[in-house]
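The values are calculated or read from the model by the stated rules, or taken from the named source; none is laboratory data. Bear in mind that the values here come from a model prediction, so they are computed numbers and not experimental data. Don't worry about glycine lacking a Cβ; one is built from the backbone with ideal geometry, like all the others, and counts go over all protein chains shown. What goes into the accessible areas is simple: the full protein's heavy atoms, side chains included, and nothing from ligands, DNA or RNA. Shrake-Rupley method; radii C 1.70, N 1.55, O 1.52, S 1.80 Å.
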Amino acid sequence: MTDAADLANAGAASERFFRLYYAHCVSPDRDTLFSLLEAGHSLNDRLKVGADLNFFHVREFTALQCLRNYFHHHQELRHVVRLAPIGDYPIVTDLMVLCLLPHETVLAAIEETRGGRRDQARQACQDVFHWYGSVVNINPSLFNFVVAAYERLRDRGVPLTGEAVEAFEDSYRHEDENGFSHLIDGRLATLAGSVNQMLAAIMRTEGL
C-alpha cells in the first residue's frame with residue numbers, strides 16, 4: 001500500500017529519469033550516460049517505496065545496473081567508455097550513437113556483482129548487450145530499458161509529467177499508430193569490412 005506523497009516522489013524520480021534520457025538522446029556524452037544510469041538506479045529505489053514496483057525482472061535493468069554499480073565504485077574507469085556518432089562510420093543500425101565499452105570491463109563488472117545476483121547479471125549482460133570481439137555496445141539495451149520502464153510506470157499509475165515524458169510518449173504513440181515495434185534490435189552491419197575490427201578502432205579514439 002502506498003500513499004499519495006510516496007507516489008508523487010516516484011513521479012518526480014520518473015520525470016528526472018526521462019529528462020536525463022532526453023539529454024542523452026539529444027547530446028550524448030559520458031556525463032549524460034552516467035547520469036542516466038544513476039537516475040535509473042534512483043528511480044528503482046523510489047518505486048519500491050512509492051509504487052510497490054521495481055525493475056529487477058527487466059533484463060536490461062539488471063545488466064545496466066551491473067555496470068552502474070561497477071562504475072559507481074570505480075569512477076576513475078569511466079574514461080574507458082566511448083560514445084561515437086554512427087554517421088561518422090560506414091555502419092548501419094537502429095540508433096544514431098554507439099555506446100562502447102571494452103569486453104574486459106563488462107566482465108569485471110559482472111565478477112564484482114555480489115552474491116546470487118552474479119549469475120543473473122552475467123546472463124542479462126550476455127542476453128541484452130551486443131558483443132563484438134573485444135568491444136561491447138550497450139546503447140540498444142539502454143533504449144529498450146527506457147521503453148520497459150515507461151510501460152511499467154504507466155501501467156502502475158505513476159504520474160508521468162514533463163516535456164521529456166511528452167516527447168517520449170509522442171514517439172511511442174507514433175510507433176503504435178504505424179505498427180512499429182517499440183523495441184529495437186540494434187545490431188550493427190557494415191559493408192566496409194569487419195564490424196569487430198571497426199569497433200576496436202573506435203575504442204582507440206577519444207569519442208564523445
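Taking residues in segment 7-36 that are open to solvent by less than 20 Å² (accessible area, probe 1.4 Å) and of a type in the set (D, E, K, R), and partners anywhere that are at pLDDT below 95 and not in a helix (DSSP H, G or I), not one pair has Cβ atoms closer than 6 Å while being at least 6 places apart or on different chains.
Note on segment 98-117: residues that are crowded, with 20+ Cβ neighbours inside 10 Å and touching a residue at least 60 places away in the same chain (Cβ under 8 Å) total 3. Contact annotation: residue pairs with Cβ atoms under 8 Å, 6 or more positions apart or on different chains, pairing a residue in segment 70-88 that is without any contact (Cβ under 8 Å) to a residue 24 or more places away in the chain with a partner that is open to solvent by 70 Å² or more (accessible area, probe 1.4 Å), are ILE86/MET96; GLY87/MET96.
Is it true that some residue in segment 76-88 is touching a Ser or Thr at 6+ places or on another chain (Cβ under 6 Å), over 18 Å from TYR21 (Cα atoms) and open to solvent by 30 Å² or more (accessible area, probe 1.4 Å)? Looking through segment 76-88, none of the residues is touching a Ser or Thr at 6+ places or on another chain (Cβ under 6 Å), over 18 Å from TYR21 (Cα atoms) and open to solvent by 30 Å² or more (accessible area, probe 1.4 Å). Among the residues of segment 28-62, those identified as farther than 20 Å from HIS130 by Cα and within 15 Å of the chain's Cα centre (by Cα) are ASP31, THR32, SER35, GLU38, ALA39, GLY40, HIS41, SER42, LEU43, ASN44, PHE55, PHE56. Within segment 182-201, does at least one residue satisfy the condition of being among the basic types (Lys, Arg), under 23 Å from THR93 (Cβ atoms) and open to solvent by 20 Å² or more (accessible area, probe 1.4 Å)? Yes, segment 182-201 contains at least one residue that is among the basic types (Lys, Arg), under 23 Å from THR93 (Cβ atoms) and open to solvent by 20 Å² or more (accessible area, probe 1.4 Å). Any chance segment 51-74 includes a residue that's in a helix (DSSP H, G or I), modelled with pLDDT under 95, buried (at least 20 other Cβ atoms within 10 Å of the Cβ) and on the phi < 0 side of the Ramachandran plot? No: zero hits. Across segment 118-161, the number of residues qualifying as farther than 28 Å from GLY11 by Cα and open to solvent by 40 Å² or more (accessible area, probe 1.4 Å) comes to 10.
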